Structure formats: structure tokens, C-alpha cells
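Enquirer: Structure below; questions to follow.
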Amino acid sequence: MSSTFDGIIEVLSQPSARDKQRRIGPSELGDLCERCLAEKLLGTHEDDDRGTPFAPMLGTALHAYLERMVDENTWEMETETRVTVGEIKGYGRISGTVDCFDRECGHVIDYKLLSRRKIKAFSSATYFGDDGSVEFYANASTESQLKKYYYQMQLYGKGLEDVGYDVSHTSLVLFPRDCTTETLHEAAHELCFVYDRSAAEAVLERGGAIYAWAVENRDSLDELDSDPGCYYCRFKRI
């Protein structure tokens, strides 16, 4: 391989600011796996050290493109808005970045770049009641990931509401990373949820309880429940 190629790979392999982040954010707080969440809160969770994964790089690139296009073409929407969604006693504030927020209708948007298979699974795993309620039913891994995203968005909504915005809905906007000939309208998919502050507050309360227990029981984290859909617990733990 050429030295130029090696140089490009070396540059792309440099950790981003997100990679260097040690404190958890809203996306981690919604993790259904108690054991993994406890480790992340304590800073002891071991990540995959095989090298730089490529899929997240594609997501980062798409986010940057979407941010630029939205900023250039509309004034009603705020992009990359930093919010504090709450605080865990003894740990500190939980903050994150909202991909897009429509001020006029109080709509939180979170972009995800996934496989077409995963998007189809998410779509078929979501049931909406006439009262705006939502239920998830799927295999363990799909439900675990979808709920994690759902709670992440509800936390973003709470963070925006806490600083004075009206929030009505949250949406996952899903883009397939493996599409071929589909147009944008054919490829993209939305899952829209009614904003539920109580869901965000419950996630924060759960996170606080897990952290308090973990601090007192650092050597017994294996006593915590591992979610059946947790990829890390199923395949990475020795």
C-alpha cells in the first residue's frame, strides 16, 4: 500500500472530540443494560479496541452535511443545539447536542444512519395508540436499541423545555447507509413520537439510582441486570 494511503487512514483514525468524551450523554443514559450503564457512569466501561469503526464516521459526515444544508435553507430550525437534560447527584450534569429543533412547532429531530434492515425492523416494531402513546415489540436487540433512541430524544425535549421552549414531538429521522438506487424520499423514514417529559424524568431517576448503587458496590457490578438485547454483554464480555 502507498504511503499516501497510509497517511489518509492515519488522519481519519484520529479520535474526534466525541471519541474523547468520557462523561455520558443522553444517548448513553437511555441504555437499558444496567451493568453497562453503571460502568459508563463510573468510567470503567471497556470499548472495542480493534481500531476506528467506519460506520460512525459515515454518520458523522451525514450529520455535518445535514447541519450545513438546514442552516443554509431555513431559519425556523436550530441545528446542533447544546442542552443540559438533567443532573445526577454525585455525578453531575448530563448534556448533549440536539441534531435539529423546529422552533415553530416544537419538534425535536434526531438523525440516525442505519442499515435498511434495521430501519425496517424499527418501523415494524413501533405501535402508536390513538392517545399518542407508544409501544415497542420486537426481538431483544431491536427493542433495546429503539428504546435507547426514544429515551434519548425525550431527554433532548426536556432539556429544550427546561430553557423555555415549547416541545410537542420528537422524531427519529432514519437514513439507510446501504441504499443504492432509491431517491431521498424513498430512502428516508421517520418515526414520530409525542413528547413525554415523564419518560425523560424516569430515565434520569433510574440513572441516578444505578449510579448511587454502583458507587457503593464497585466490585459487584456483575450483580446488575444485563439487558437481553445488549450486544456488548452478549458478545464482548469474557
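The values are calculated or read from the model by the stated rules, or taken from the named source; none is laboratory data. Not measured: the values here are computed from a predicted model. Virtual Cβ from ideal backbone geometry, glycine too; neighbours counted across all protein chains shown. Side chains included, ligands, DNA and RNA excluded: accessible areas come from the protein's heavy atoms. Shrake-Rupley method; radii C 1.70, N 1.55, O 1.52, S 1.80 Å.
Enquirer: For region 38-54, state whether one or more residues are in contact with a Leu (Cβ under 6 Å, 6 or more places away or on another chain), open to solvent by less than 60 Å² (accessible area, probe 1.4 Å), farther than 19 Å from residue 154 by Cβ and at pLDDT 95 or above.
Expert: Taking region 38-54 and keeping what is in contact with a Leu (Cβ under 6 Å, 6 or more places away or on another chain), we get 38.
Narrowing further to those that are open to solvent by less than 60 Å² (accessible area, probe 1.4 Å): 38.
Okay, now just the ones that are also farther than 19 Å from residue 154 by Cβ, so 38.
Next cut, at pLDDT 95 or above only: 38.
Looking through region 38-54, at least one residue is in contact with a Leu (Cβ under 6 Å, 6 or more places away or on another chain), open to solvent by less than 60 Å² (accessible area, probe 1.4 Å), farther than 19 Å from residue 154 by Cβ and at pLDDT 95 or above.
Enquirer: Now for a different question. How many residues are part of a loop (DSSP other than H, G, I, E, B) and either among the hydrophobic types (A, V, I, L, M, F, W, C) or open to solvent by 40 Å² or more (accessible area, probe 1.4 Å) (or both) if we restrict to region 93-135? So that I can check it myself, show each step before the final result.
Expert: Filtering region 93-135 for residues part of a loop (DSSP other than H, G, I, E, B) gives 103-106, 115, 125, 129-133.
Checking which are either among the hydrophobic types (A, V, I, L, M, F, W, C) or open to solvent by 40 Å² or more (accessible area, probe 1.4 Å) (or both) leaves us with 103-105, 125, 130-131, 133.
Summing the residues that are part of a loop (DSSP other than H, G, I, E, B) and either among the hydrophobic types (A, V, I, L, M, F, W, C) or open to solvent by 40 Å² or more (accessible area, probe 1.4 Å) (or both) in region 93-135 gives 7.
Enquirer: Can you find a residue that is charged (D, E, K, R), surrounded by fewer than 11 Cβ atoms within 10 Å (Cβ to Cβ) and assigned to a loop (DSSP other than H, G, I, E, B) anywhere in region 82-89?
Expert: So in region 82-89, the residues charged (D, E, K, R) come out as 82, 87, 89.
Keeping just the survivors that are surrounded by fewer than 11 Cβ atoms within 10 Å (Cβ to Cβ) gives 82, 89.
This time we only want the ones that are assigned to a loop (DSSP other than H, G, I, E, B), so: 89.
For region 82-89, residues charged (D, E, K, R), surrounded by fewer than 11 Cβ atoms within 10 Å (Cβ to Cβ) and assigned to a loop (DSSP other than H, G, I, E, B): present.
Enquirer: List, please: which pairs have Cβ atoms under 8 Å, are six or more places apart or on different chains, and start with a residue in region 130-152 that is more than 18 Å from residue 199 (Cα to Cα) and end with one that is assigned to a helix (DSSP H, G or I) and open to solvent by 60 Å² or more (accessible area, probe 1.4 Å)?
Expert: 138/124; 141/231
Enquirer: Name every residue in region 112-129 that is of a type in the set (Phe, Trp, Tyr), in contact with a strand residue (DSSP E or B) (Cβ under 6 Å, 6 or more places away or on another chain) and more than 13 Å from residue 194 (Cβ to Cβ), in order of residue number.
Expert: The answer is 127, and nothing else.
Enquirer: Mind listing whichever residues of region 170-221 are touching a Phe, Trp or Tyr at 6+ places or on another chain (Cβ under 7 Å) and β-branched (Val, Ile, Thr)?
Expert: Passing the criteria: 170, 173, 203.
Conditions (1) open to solvent by less than 40 Å² (accessible area, probe 1.4 Å); (2) within 18 Å of the chain's Cα centre (by Cα); (3) not hydrophobic (A, V, I, L, M, F, W, C), marked per residue:
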site	(1), (2), (3)
60	no, yes, yes
65	no, no, yes
68	no, no, yes
76	no, no, yes
79	yes, yes, yes
91	yes, no, yes
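Enquirer: So is residue 72 modelled with pLDDT under 95, in a loop (DSSP other than H, G, I, E, B) and not aromatic (Phe, Trp, Tyr) or not?
Expert: Working: modelled with pLDDT under 95: yes; in a loop (DSSP other than H, G, I, E, B): no; not aromatic (Phe, Trp, Tyr): yes.
No: the conditions fail for residue 72.
Enquirer: Of the residues 191, 160, 224, 172, which is surrounded by 15 or more Cβ atoms within 10 Å (Cβ to Cβ) and either among the aromatic types (Phe, Trp, Tyr) or farther than 21 Å from residue 106 by Cβ (or both)?
Expert: Criteria check complete, one pass: 224.
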